[in-house]
Amino acid sequence: MQENATRRDDMGSVEDLEALRKHHKDLEAKLAALDCHLSLTAPEEVERARLKKEKLAIKDRIQLLLSRQPAA
């Protein structure tokens, strides 16, 4: 019974990992778009900083999920 729960957790982790990777890639695209500007307005600077923090937090979560996966 517990084995099935573990398999579901692993499957969830794989799905979570893929979703996090997609979100990380989306954030990279948004940051790249902002970086194309010659200068940023104050709200754009705030948005850029927020995106960078969110991207780093997602990277940390990806690394955590990867460290929890059993070796293949």
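The values are calculated or read from the model by the stated rules, or taken from the named source; none is laboratory data. What you see is a predicted model; the values in this text were computed from it and never measured. Ideal geometry is used to build each Cβ from the backbone, glycine not excepted, and the neighbour counts take in all protein chains shown.
Observations
- ASP9, sole failed condition from (1) of a type in the set (D, E, K, R); (2) more than 13 Å from the chain's Cα centre (by Cα); (3) at pLDDT 95 or above: (3)
- Residue count for the range 32-54 under the criterion of being under 8 Å from the mean Cα position of the chain (by Cα) and among the polar types (S, T, N, Q): the result is 0.
- Set ALA57, ALA29: member being at pLDDT 95 or above, small (Gly, Ala, Ser) and more than 9 Å from the chain's Cα centre (by Cα): ALA29
- Of all residues in the range 19-50, those satisfying the criterion of being among the acidic types (Asp, Glu) and either surrounded by 11 or more Cβ atoms within 10 Å (Cβ to Cβ) or in contact with a Leu (Cβ under 9 Å, 6 or more places away or on another chain) (or both) are ASP26, GLU28, GLU44, GLU45, GLU47.
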